[in-house]
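The values are calculated or read from the model by the stated rules, or taken from the named source; none is laboratory data. Owing to the predicted nature of the structure, the values given are computational and were not obtained by experimental measurement. Note that each Cβ is placed from the backbone with ideal geometry, even for glycine, and that neighbours are counted across all protein chains shown.
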Amino acid sequence: MSASGGAVDKEEWVGTQKKTFTKWVNNHLNKKGFAIVEDAQTAWEDGIKLMQLISALYGMPLPKYNANPKMRPHKLDNINLALGMVEAAKIKTNFLKNTHLIDHDLKMILGMMWSIILDYAIKGISEDDTTAKEGLLLWCRKKTAGYRDIDPPGLNNFTRDWRNGLAFCALIHRHQPHLINYDELSKDNAVSNLELAFSVAESLGIPRLLDVEDLTTEKPDERSVMTYVSEYFHRFATQDAFEVAARRAQRFVQFNRQMDQLKNDYENEARALIAWVQETVQRFESEDFGDSLEAAQAVNDRLRSFILEEKPPKSALKLDLESLYAQLQTQLKVNNRPPYVAPSDADPDALEHAFESLWGAEKAYGRRARDNRFRFIKKEEHGLSAETIAEIRDSFKHFDTDSDHTLNKVEFKAAASALSVPFKNDDELTQIFNSISQGNAVINEDQYVAWVTALKEDKDTPEQLKASFKSLANDGVSIRAEQLRVPPLTEDDIAYLLSTMTVSADGSYDYNSYVDTHFA
């Protein structure tokens, strides 16, 4: 670059810094009611404006000074007082001397103003010059992360990366998205982007320290851009702090809401479950079992349905509530909250007591249901069907040869032979006939039917069973294995009998004692 070009560049950045720094200084002087700086090169020659600026920024009281200095020594005295305040504020001024101010050394004056800006507006972001710059840049990168035409590649400087205005717009949009429609912006519209950002920022209380033309140069002045961006940082860092506080408050509120919801769920479900237990206990204690076998069986069916269908999900719900209660206490404890104390009518002890009463009522109900069922136990009779009875009556009529509706002894013997009932001799025939006829010479139809029915029906009495085994044993008092092989007895039936009957020395089995042991 030519020497003349270098001079122009220098004049340009000097002018930009002078303008930007002056606006920054005036913004803070104005806030405290001090008169503003008109010309940054001459404003510091008597020390008064520097004392006012340090007082405005750092809250230091103004020392006694010469309010109307005319002579150089008086002005130098004031400047020395001002530089004392600068030193007290621990601002690094890079070898600044009182003569630099009184003699209007613009380069040193701009350096002083930058030192003040750096200390007040930027140093707080980090530790020193370089770190402060990187800290501010890092904040900008985080806030503009993911914004189109900015990241990637991300902000890497305070010069060229800000020329198209999108970085300023993104900072505003990140914190106040309703003020800028970032999707409508184009990187090719630098002037309109910058004007939009500067105008909106001004409406947010960020002073317009730069003009659009300050950014549309080949390389904007770094210190001027940093000064302006620091205003964005201070404006929005406060909002960030509020957002952090709000986020923490939100987490606190959401945790409390979650705990309150879990507590409500636990209490409501626990009370509902205890109410179900109480209703069930009352039902068990007050149910009428009825006066019939069918009613007794219905009671047993209802008890079975309760045990298999109604009670299991309620027992599972009890376990779920105990787990929920433990979950509540755990979350409260790990978050340093006081333990949850459930109402006495819904706490775990109330649940446990309710189910203990349920188990007791269920057992008592089961005993009463069983005792009630025993009331209707009766011997199972294997009676003859109506069809069989009709066949017996037909056989009576068949052997009633004289059709007098009775059977004499001869007719009765024929009928018995047809039934495969033999008589050993006439005496036995006469004895059975007289027993049936009750001493009469004939047997009527009802007497005949009763006798045949008694022969054919299974009464499952000891007497009938002993007679049956005796018949199979050919009237013997014990029976052999081969005598049992008569259908419908199966080999399994026979094997069971032989394994349970008492065997005698001769290999026969005592059926009489076997039958006796199976009847009360």
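Inclusion of Glu287 among residues that are acidic (Asp, Glu), surrounded by 15 or more Cβ atoms within 10 Å (Cβ to Cβ) and either touching a residue at least 24 places away in the same chain (Cβ under 8 Å) or over 30 Å from Asn372 (Cβ atoms) (or both) is not warranted. The test for being over 15 Å from Ala270 (Cα atoms) and outside any loop (DSSP other than H, G, I, E, B) holds for Glu362. Annotation: Asp492 fulfils all but one of (1) surrounded by 12 or more Cβ atoms within 10 Å (Cβ to Cβ); (2) modelled with pLDDT of 90 or more; (3) among the acidic types (Asp, Glu); the unmet one is (1).
Condition check ((1) touching an Asp or Glu at 6+ places or on another chain (Cβ under 6 Å); (2) in a helix (DSSP H, G or I); (3) under 19 Å from Ile91 (Cα atoms)) across all residues:
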| site | (1), (2), (3) |
| --- | --- |
| Ile117 | no, yes, yes |
| Cys140 | no, yes, no |
| Leu155 | yes, no, no |
| Leu179 | no, no, no |
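Flag set for Asp46, criterion: among the acidic types (Asp, Glu), surrounded by 13 or more Cβ atoms within 10 Å (Cβ to Cβ) and assigned by TED's automatic domain parsing to the domain that holds Met108. Based on this model, can you work out whether Ser323 counts as among the hydroxyl-bearing types (Ser, Thr, Tyr), part of a helix (DSSP H, G or I) and surrounded by fewer than 11 Cβ atoms within 10 Å (Cβ to Cβ)? Judged against the criteria, Ser323 is a match. Given the residues Val477, Val442, Val452, which is the only one that is touching a helix residue (DSSP H, G or I) at 6+ places or on another chain (Cβ under 6 Å) and among the β-branched types (Val, Ile, Thr)? Answer to the check: Val452. Of Met112, Met71, Met85, all but one fail to be under 23 Å from Thr159 (Cβ atoms) and either in contact (Cβ under 8 Å) with a residue 60 or more places away in the chain or not acidic (Asp, Glu) (or both); the exception is Met112. Pairs linking a residue in the range 181-200 that is touching a residue at least 40 places away in the same chain (Cβ under 8 Å) to a residue that is surrounded by fewer than 17 Cβ atoms within 10 Å (Cβ to Cβ) and charged (D, E, K, R), with Cβ atoms under 8 Å and 6 or more positions apart or on different chains, do not occur. Filtered by the rule that a residue be in contact (Cβ under 8 Å) with a residue 40 or more places away in the chain and hydroxyl-bearing (Ser, Thr, Tyr), the range 290-314 gives a lone residue, Ser292. Within this structure, Thr216 passes the test of being assigned by TED's automatic domain parsing to the domain that holds Val191 and either exposed (fewer than 11 other Cβ atoms within 10 Å of the Cβ) or within 30 Å of Leu137 (Cβ to Cβ) (or both). Does Asp214 satisfy the condition of being touching a residue at least 60 places away in the same chain (Cβ under 8 Å), of a type in the set (Asp, Glu) and within 27 Å of Asp119 (Cα to Cα)? Taking the combined requirement at face value, the residue satisfies it. Screening the candidates Ala82, Ala121 for the property of being buried (at least 16 other Cβ atoms within 10 Å of the Cβ) and in contact with a His (Cβ under 8 Å, 6 or more places away or on another chain) yields one hit, Ala121. For the range 48-70, the criterion of being polar (S, T, N, Q) and either in contact with a strand residue (DSSP E or B) (Cβ under 6 Å, 6 or more places away or on another chain) or at positive phi (or both) is met by none of the residues.
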